[in-house]
Amino acid sequence: MKAAVLTKFGSVETAFELKEVLNPTLNDGQVLIQAEGFGLNYADIMAIQGDYKDCPPLPAIIGYDVVGKIIKTKGNCGNLKVGNRVTAMTRFGGYAELAVSESVACAVINDSLEVGKAMALTTQYSTAYYCFNEVQNLYKGDKVLIHAAAGGVGTALVQMAKDRGCEIFGTCGSDEKMEYLKSLGVHHPINYRKDDFYEVIKKINGDNKLDAIFDAVGGESVKKGFKLLGAGGSLVVFGAASITGKNIIGKLKTVLGFGWYHPLKFIMSSKAMIGVNMLRIGDSKPQVLKRCLENVVKQVEDKTLDPTVAKVFKIDELAGAHQYLKDRKSIGKITVVW
Ligand SMILES: NC(=O)c1ccc[n+]([C@@H]2O[C@H](COP(=O)([O-])OP(=O)(O)OC[C@H]3O[C@@H](n4cnc5c(N)ncnc54)[C@H](OP(=O)(O)O)[C@@H]3O)[C@@H](O)[C@H]2O)c1
């Protein structure tokens, strides 16, 4: 099979080689998928830059999500059958024509669902679903802040918050994204390149505080967010995009920027900080991953959710696809098709 193999850290232009490699083999409970394409995730940019701790040693086939047809199953794969079209999570190995997925990490989808939308459902929508629905309770009228709100996970969170009737604050880094956030129904879009989100939200909210914050930017953004959070609120931290591409001093500054939190601080203020890493959830609670994925597929079918497709690239445009994500131009999910 063909695979895009990460062979060198550094530039997106030289990081990957398109090669013939051996077909993968299956363990019990796994399926083999003939992929239509694979999804890009911000973690891939971190991997290319050597900033991603979970990335396998090079040469590596990275990639977290594929869409395609099951061509083989092994052992007990539940209801999944050869011929099913699925959206599937891969534990790396996604940047390949043939990809392996745990059967619990796949969901059957209609042939009519376009590949770009289907691709958004695994890593990004399932992560958003877990952060929004599984780690806390949010209600109509609750005030939520979503960082990188125009991104893959961000647009998913916005749609979930909108459906719940929350008042939404969303940060982004361009005027084009501001317009997009308005069109999605974000009540208070904030371009953080022009305005300090902390000051803007403090001004709008007065004495009222936020009920939830979703932060995958990390560093100072978390520290400021914690101050904006009210009693009973939770700050869900699921990434640290702001650490990418910095030298060791810059990384250290970002890490220190998060702030220091003694448990007493959480008790006294009655606030929560919740870390999320879907790889760990997949390892320890695969049934939770399955529940998240099945629920988002259902919600797309009943039109509660409608994934935003940033762009669908061809495989020979892989470097361009990575550059697009790295340059923070994308709104929604990026897919690469074979
Ligand atoms: N914990 C988990 O299990 C898990 C799972 C999936 C994703 N994630 C995390 O969730 C975040 C979103 O992932 P995604 O794949 O959907 O990507 P994405 O949001 O489509 O792209 C990343 C966006 O982050 C924003 N950003 C803000 N500050 C940044 C900075 N200092 N450097 C780079 N980007 C910055 C940029 O948008 P603006 O310029 O508009 O702000 C950029 O477009 C990532 O941090 C990712 O690592 C975590």
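The values are calculated or read from the model by the stated rules, or taken from the named source; none is laboratory data. Since we're looking at a predicted model, the values are computed, not measured. FYI the Cβ positions are ideal-geometry reconstructions off the backbone, even for glycines, and counts take in every protein chain you see. The area values use the complete protein model at the heavy-atom level, side chains included, leaving out ligands, DNA and RNA. Shrake-Rupley method; radii C 1.70, N 1.55, O 1.52, S 1.80 Å.
What to note about this one:
- Filter pass, Leu228 being away from the ligand (no atom under 15 Å from the Cβ) and of a type in the set (A, V, I, L, M, F, W, C): yes
- Count of residues meeting criterion [over 24 Å from Glu176 (Cβ atoms) and open to solvent by less than 50 Å² (accessible area, probe 1.4 Å)] in region 305-317: 1
- A single entry from Ile315, Ile331 fulfils the requirement of being assigned by TED's automatic domain parsing to the domain that holds Val115 and under 29 Å from Met1 (Cα atoms): Ile315.
- In region 252-271, the residues that are open to solvent by less than 100 Å² (accessible area, probe 1.4 Å) form Cβ pairs under 6 Å with partners that are among the charged types (D, E, K, R), at six or more places apart or across chains, as follows: Gly257/Glu220; Gly259/Lys223.
- Only one of the numbered conditions (1) under 28 Å from Ser270 (Cα atoms); (2) away from the ligand (no atom under 12 Å from the Cβ) is violated by Asp195, and that is (1).
- Scanning region 144-178 for residues that are more than 21 Å from Asp44 (Cβ to Cβ), within 11 Å of the ligand (Cβ to nearest atom) and in contact with a Leu (Cβ under 9 Å, 6 or more places away or on another chain) returns Ile146, Gly170, Thr171.
- Within region 106-143, being more than 16 Å from the ligand (Cβ to nearest atom) and more than 22 Å from Ile71 (Cβ to Cβ) holds for Asn137, Leu138, Tyr139, Lys140, Gly141, Asp142, Lys143.
- Helices (runs of 4 or more DSSP H) completely within region 235-338 that count 1 or more residues being more than 15 Å from the ligand (Cβ to nearest atom) and hydroxyl-bearing (Ser, Thr, Tyr): 263-269
- All positions within region 159-184 that are farther than 15 Å from Ala148 by Cα and free of Cβ contacts under 8 Å to residues at least 60 places away in the same chain: Lys162, Arg164, Gly165, Cys166, Glu167, Ser183
- Strands (runs of 3 or more DSSP E) fully within region 16-119 that include at least 3 residues being open to solvent by 50 Å² or more (accessible area, probe 1.4 Å): 16-20, 65-74.
- Comparison of Lys251, Lys223 shows that the only residue that is basic (Lys, Arg), under 24 Å from the mean Cα position of the chain (by Cα), closer than 27 Å to Tyr130 by Cβ and modelled with pLDDT of 95 or more is Lys223.
- Among the residues making up region 201-223, those that are open to solvent by 40 Å² or more (accessible area, probe 1.4 Å), more than 13 Å from the ligand (Cβ to nearest atom) and on the phi < 0 side of the Ramachandran plot are Lys202, Lys203, Ile204, Asp207, Asn208, Lys209, Asp211, Lys223.
- Selection within region 180-192: residues that are more than 12 Å from the ligand (Cβ to nearest atom) and assigned to a helix (DSSP H, G or I). The member of this set that is least open to solvent (accessible area, probe 1.4 Å) is Leu184.
- For region 125-164, the tally of residues that are assigned to a helix (DSSP H, G or I) and open to solvent by 20 Å² or more (accessible area, probe 1.4 Å) stands at 9.
- Any hit, region 2-10, residues being touching a residue at least 24 places away in the same chain (Cβ under 8 Å), touching a helix residue (DSSP H, G or I) at 6+ places or on another chain (Cβ under 8 Å) and crowded, with 19+ Cβ neighbours inside 10 Å: yes
- Flag if Phe169 is modelled with pLDDT of 95 or more, part of a helix (DSSP H, G or I) and out of contact with any Asp or Glu (no Cβ under 7 Å at 6 or more places or on another chain): no
- Scanning region 10-33 turns up at least one residue that is away from the ligand (no atom under 16 Å from the Cβ) and touching a Phe, Trp or Tyr at 6+ places or on another chain (Cβ under 9 Å).
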